[in-house]
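Chemist: Can you keep this structure in mind? I'll have questions shortly.
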Amino acid sequence: MAFFPKKGVQFHGLCYIEGAVDFIFGQSGHAFFYRNTIAPVDGGAITADGPDTADLSLYVINLSTLTTSTAATANLTGKEPWSTAEPNTSGVLFAEFGSTGPGTAGTRVSFSKKLTSAAGFGIADVLGANWATWVDATYFT
């Protein structure tokens with residue numbers, strides 16, 4: 001399954017999301033992933049961004065579990081094709097906050113950041129102030 005937030009805003013809660021390479025990708029959309037299980041297969045990268053404009057695209061993965069099969073290892077380090085040798089890292093914030101569990105203590109690429117606060121990346125920041133009018137509250141209980 002692939003998620004393509006091309007434009008607008010999306011909420012994905014309590015989902016099982018599995019894919020091979022760059023299966024969460026988009027252009028200028030915003031997406032908030034909440035309490036999902038995300039399962040990359042064959043060691044592929046999870047997210048990719050391809051904005052063709054100056055519009056901001058934003059994906060927040062919140063309180064979710066990243067898992068792999070015993071035959072695959074997820075690429076959690078922001079490695080290939082994320083490289084300073086590639087021009088696609090300019091203007092990109094590749095960051096994490098409060099990650100826990102196996103794999104979170106490893107190294108990251110030099111252009112990634114560990115945030116000291118989640119400020120600016122909450123659900124209202126991503127989906128807009130009226131998010132509660134269209135997101136089913138049962139996903140938060």
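No value in this document is a laboratory result; all are computed from the given coordinates. All of these numbers come straight from a predicted model, not from anything done at the bench. Cβ coordinates were reconstructed from backbone atoms using ideal geometry, including for glycine residues, and neighbour counts include every protein chain displayed.
Chemist: Are there any pairs, at least 6 apart or on different chains, whose C-beta atoms fall under 7 Å, with the first in segment 113-141 and touching a residue at least 40 places away in the same chain (Cβ under 8 Å) and the second part of a loop (DSSP other than H, G, I, E, B), and if so, which?
Modeler: Close Cβ pairs (under 7 Å, with a partner that is part of a loop (DSSP other than H, G, I, E, B)) amount to Tyr139/Leu14.
Chemist: Turning to a different aspect of this structure: Go through (1) farther than 24 Å from Gly120 by Cβ; (2) crowded, with 19+ Cβ neighbours inside 10 Å; (3) not acidic (Asp, Glu) for Val41 and report which single condition fails.
Modeler: It is condition (2) that Val41 fails.
Chemist: Could you check segment 1-43 and list, in sequence order, the residues that are of a type in the set (Gly, Ala, Ser) and touching a residue at least 24 places away in the same chain (Cβ under 8 Å)? Even if it seems obvious, please write down each step before you answer.
Modeler: Looking only at segment 1-43, we keep the residues that are of a type in the set (Gly, Ala, Ser), and these are 2, 8, 13, 19-20, 26, 28-29, 31, 39, 43.
Result: Gly13, Gly19, Ala20, Gly26, Ser28, Gly29, Ala31, Ala39, Gly43.
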